[in-house]
Amino acid sequence: MRTGYLPGETLEVHYSLGLPALGDKPWFADGRVRTFAYQENHRFSDCYLSGSMTCVDCHDPHSQAYRDIWGRPLSDRLADGQCTDCHASKADNVAAHTHHPAGSAGSRCVACHMPYLQHPERGTALRFARSDHTIPIPRPAFDARLGVESACRQCHRDQSVEQLERSARSWWGEFKPHPRLVAAVAGLSDTTSLSAAVRRLLRPEVHHPLAQVQALGELWERYLRPDMSQLDGEAISRLERLAVREDLDVQALALATLHLSAGDRTGVRRFLARTLDRLGDREPLIRSRWKVALAFLGDAWRERGEVRTAVTAYQRALEVAPDDPAVLANMGLAYAGAGNWAEAVATYRKSLSLDPRQPLTLVNLGLALEAQSDPAGARTAYERALAADPAEAVAMLNLGNLYFRQGNAERATELYRHAIAANASLAPAHFNLARVYALAGRLVEAKAEVEWGLAFEPESADGRAMLAEVERLERR
């Protein structure tokens, strides 16, 4: 939420632990890692939600060693003492609970409840697994549906999922149901109606902050639009109850949901204003999250080409955080995507008046000015971007393009080379440098640059066409 955190400062001013659930969706419905995460999914565990377990119950923050809840050092990181301090009965007859011989690897608490899971976003070529901090119970069939390698499967690869499921149920009986919101998120489908989703996902009486965030996120990404007449009084009431929850992320997302989906209603506007008035010291923390959430939706709609809807989301974000330069910069991108260059230029300039040191916004201003047939203004914008960040490769690339179109191939070549030196993976810089070389008859160098560009963007149609043309010229 803000850079520059120093130890001892209020963490919530600088970081949100819930908002990462939007967009990238790092966790499955039950909290297991879906893409990449660290240990935030501990907040899905019963040990945290129903007990009192926090990070320092197991991890000594000073020695980095492992300890039990009384602060006593454990013999190793897999020792059962972290669990049996609270679940004492399980230590009386280990084999009866684990169905593995006492002292074996399979009888340790963490073997079933904190198995190491590979983070999917890292692929499988390199091992990158972390202990599962949701502290789940083994559910072989459910895990398989998610694509998660269950604790049982990690050791018993010779057995099918069905066999593992039967064994688990014969040993421990009917599985404990998932928390209500977790089950609701897991059970959503493409055919779930808005009214059904509202009933399942908006549950203000449930205490599960991260699941609340995920549920609101699903509502956002599947159903939410500006000023929705379909939201009835019951849905508004549930959102208003969520909007006074203690968790910062839940409260901010509920307020943002009301603001976007029903912000045209007088009663909702009054509720939002009244809630803001009562926030006290929490107001800046809520406003920052509220703004980020609305801007996230604006970005999502902009990337899908829904410019009008995106601009509405950005405008609502600016109502919460007036004159926010980042929101204005992205609103400028939305206008540019629609070819509304005048609005794009005006919005970029307003953003830059609030924060002049935005190299990429200056680059985007330059592109918009070029679209308005103002090469002098564009050149100034690109040069300002390089003054703000001399290593900004995209500014070098676009300034090089400007010189190339003006017939100054020598200056363009110099800028393309500088762009590649600053960011060798910038494929358009390789392609454009290759074009300059080809026009000068330097075909060997041109081919090498095209091949470098295709190494970074192998699917580039322009790059493949350029390579074919260079090879044709070589054969002449």
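The values are calculated or read from the model by the stated rules, or taken from the named source; none is laboratory data. This is a predicted model, so every value here is computed, not measured. As a convention, Cβ positions derive from the backbone with ideal geometry for all residues, glycine included, and neighbour counts pool all protein chains shown. In case anyone asks, the SASA skips ligands and DNA or RNA and just uses the protein heavy atoms, side chains included. Shrake-Rupley method; radii C 1.70, N 1.55, O 1.52, S 1.80 Å.
Of the solvent-accessible surface of the range 364-425, computed with a 1.4 Å probe and all protein chains present, 49% belongs to carbon and sulfur. When a 1.4 Å probe is rolled over the protein heavy atoms, the share of accessible surface on the range 136-259 that falls to carbon and sulfur comes to 49 percent. For the chain, the equivalent ellipsoid derived from the alpha-carbon gyration tensor has semi-axes of 48, 32, 21 Å in decreasing order. Using the Cα coordinates of the range 3-81, the gyration tensor eigenvalues translate into equivalent-ellipsoid semi-axes of 25, 19, 12 Å, sorted from longest to shortest.
Placing 380, 124 in order of accessible area, with the largest value first and a 1.4 Å probe, yields 124, 380. For the range 328-349, the residues whose amide N sits under 13 Å from a probe point set 7 Å from the Cα of residue 355 along the beta carbon direction are 328-331.
Across every direction, the projection of the convex hull enclosing the Cα atoms of the range 60-135 has a mean area of 6.5 nm². Computed over the alpha-carbon atoms, the range 66-193 gives an Rg to Rh ratio of 0.99, Rh here being the Kirkwood radius from the mean inverse distance. A 1.4 Å probe over all protein chains sorts 27, 341 by accessible area into 341, 27, starting with the largest.
Is the range 249-315 rounded, prolate or oblate when judged by the Cα gyration tensor, a ≥ b ≥ c being the square roots of its eigenvalues, rounded requiring a/c under 1.5 and prolate requiring a/b larger than b/c?
Oblate, because a/c is 1.5 or more while a/b does not exceed b/c.
Of the residues 387, 106, 73, the one whose Cα sits farthest toward the positive end of the charge dipole of the chain, with +1 on the Cβ of Lys and Arg and -1 on the Cβ of Asp and Glu, is 106.
Please go through the range 101-206 and write out the trypsin sites (Lys or Arg not before Pro) that DSSP classes as loop and that have at most 11 other C-beta atoms within 10 Å.
Working: sites: 108, 122, 127, 130, 145, 153, 157, 166, 169, 180, 199, 200; in loops: 108, 127, 157.
Counting only loop positions with at most 11 other Cβ atoms within 10 Å, the trypsin sites (Lys or Arg not before Pro) in the range 101-206 are 127, 157.
Order 5, 416 by their accessible area, 1.4 angstrom probe, all chains in place, largest first.
Numbers: 5 75, 416 5 Å².
Reading off the accessible areas and sorting them downward yields 5, 416.
Using the 1.4 Å probe convention, the accessible area of the range 272-333 works out to 44 Å² per residue with neighbouring protein chains retained. Filter the trypsin sites (Lys or Arg not before Pro) in the range 241-307 to those in DSSP coil with at most 16 other Cβ atoms within 10 Å of their Cβ, and list the result. Listed in order of number, the matching sites are 265, 278, 304. Counting lysine pairs in the chain that sit 8 or more residues apart in sequence, or on different chains, and whose Cα atoms lie under 25 Å apart gives 4.
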